[in-house]
1. Would you be able to tell me the number of residues in segment 194-244 that are over 30 Å from residue 436 (Cβ atoms) and assigned to a loop (DSSP other than H, G, I, E, B)?
2. Filtering segment 312-341 down to residues that are over 17 Å from residue 282 (Cβ atoms) and modelled with pLDDT under 95, which residue is surrounded by the fewest Cβ atoms within 10 Å (Cβ to Cβ)?
3. Tell me the residue from 264, 271, 284, 300 that is assigned to a helix (DSSP H, G or I) and in contact with a strand residue (DSSP E or B) (Cβ under 6 Å, 6 or more places away or on another chain), please.
4. Could you say whether any residue in segment 8-22 is modelled with pLDDT of 90 or more and part of a loop (DSSP other than H, G, I, E, B)?
5. I need the full set of residues from segment 85-98 which are without any contact (Cβ under 8 Å) to a residue 60 or more places away in the chain and surrounded by 17 or more Cβ atoms within 10 Å (Cβ to Cβ), in order please.
6. Against the conditions (1) at pLDDT below 95; (2) over 18 Å from the mean Cα position of the chain (by Cα); (3) within 30 Å of residue 167 (Cβ to Cβ), where does residue 286 fall short? Just the number, please.
7. Could we say that residue 194 is over 25 Å from residue 127 (Cα atoms), surrounded by fewer than 16 Cβ atoms within 10 Å (Cβ to Cβ) and modelled with pLDDT under 95 here?
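The values are calculated or read from the model by the stated rules, or taken from the named source; none is laboratory data. Because the structure is predicted, anything quoted here is derived from the model rather than measured. Note that we place each Cβ from the backbone using ideal geometry, even for glycine, and neighbour counts take in every protein chain shown.
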């Protein structure tokens with residue numbers, strides 16, 4: 001089939017895939033030598049977090065704890081043995097991030113036995129309190145230990161806490177950690193297990209490869225694209241309840257609300273008819289909500305991508321996610337169908353140029369810096385389509401992965417949309433240094449009302465009449 005016979009969407013996806021394919025002569029990803037005391041560069045994503053933590057050393061904004069709730073019987077000694085093998089396998093979990101000659105570096109430490117901390121709780125509520133307390137301590141990135149495990153024992157079970165700093169982990173990594181921990185726990189129980197293949201590379205190898213790859217000619221093309229795409233981007237004028245502090249605050253809260261079933265289903269059908277994804281459709285509604293509440297027409301929203309564009313990275317624990325800036329001109333879209341098409345094309349274009357890490361995008365665009373304000377994007381959007389609930393098991397125990405709701409907000413606003421076969425739920429995360437709970441509730445109501453209006457008549461003029 002010729003490329004010109006493909007639909008516009010498929011041609012855009014093909015261009016995105018070709019853009020991610022290594023060109024002849026590019027730097028290969030290889031495992032680097034590791035003499036004693038060797039240090040490695042940070043990835044661009046890590047470097048940004050390193051500086052943020054350095055400027056706010058008491059902050060827990062970038063703690064990303066993993067909690068596995070255990071129901072039934074389990075062996076603490078097997079937990080410790082599995083953790084030892086887990087950290088031996090994934091070098092980044094035993095890496096420190098000190099400063100050398102004025103620059104942050106990665107300093108991997110050799111594998112060493114864990115002394116697993118164990119706490120006893122008399123009730124489930126007490127166990128939950130212990131878990132939360134453990135996850136609200138800041139990290140010293142210069143010291144070994146971006147992973148702090150804790151086993152909490154309570155009547156009928158307990159919880160295994162892997163308190164991690166974001167500099168070594170992301171959401172994808174949690175699934176890898178569970179897969180490998182489960183394997184090693186089974187082995188510690190003497191159960192038959194197939195040996196895991198040795199990782200062909202570690203995160204430090206990726207960081208060096210990323211920097212070498214971006215040092216080539218492709219960097220100029222990517223920076224030029226984003227510089228043109230984001231030139232003159234305005235700051236969103238959100239309805240703040242409090243003056244913006246001169247230094248960025250990360251205190252946050254979450255307002256949860258469901259989307260009404262009929263309009264949510266209608267939006268999914270509308271997306272299908274427009275050759276768009278549910279991700280794009282919900283983003284279009286969010287963009288329109290922001291246009292209404294800010295009374296602006298040039299709307300930029302950030303979103304997160306996995307950032308694992310090499311086969312070796314799919315089994316590697318580490319911090320790979322990248323922020324994409326999705327800029328939409330609402331003014332030229334007469335109705336929601338036209339707006340959805342604009343959003344669809346914006347998303348495809350951003351995906352085709354996602355190889356440039358967000359810190360490099362900021363460096364290329366050089367937006368005016370305002371104290372206390374995130375550069376380029378103040379509002380984030382995330383979408384998750386959940387399949388059947390994954391049941392997790394260990395010998396003698398059922399396991400449930402639980403999130404720890406940290407009272408933090410990394411942006412002014414974050415809209416998370418969770419779509420399941422039964423319902424569509426939203427979680428609106430807001431910065432409490434800027435916004436009150438009642439404002440978050442008002443925004444949620446406006447978002448729901450916007451959804452109702454656009455699916456009721458997608459060809460009607462966009463409702464840009466504010467609140």
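1. 15
2. 332
3. 264
4. no
5. If the condition is that a residue be without any contact (Cβ under 8 Å) to a residue 60 or more places away in the chain and surrounded by 17 or more Cβ atoms within 10 Å (Cβ to Cβ), then 94, 96 are the ones that fit.
6. (1)
7. Spelling it out, residue 194 is indeed over 25 Å from residue 127 (Cα atoms), surrounded by fewer than 16 Cβ atoms within 10 Å (Cβ to Cβ) and modelled with pLDDT under 95.
Residue-by-condition table, conditions (1) more than 16 Å from the chain's Cα centre (by Cα); (2) part of a helix (DSSP H, G or I); (3) farther than 30 Å from residue 246 by Cβ; (4) free of Cβ contacts under 8 Å to residues at least 60 places away in the same chain:
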| residue | (1), (2), (3), (4) |
| --- | --- |
| 32 | yes, no, yes, no |
| 35 | yes, no, yes, yes |
| 38 | yes, no, yes, no |
| 45 | no, yes, no, no |
| 51 | yes, yes, no, yes |
| 58 | yes, no, no, no |
| 61 | no, no, no, no |
| 67 | yes, no, yes, no |
| 71 | yes, no, yes, no |
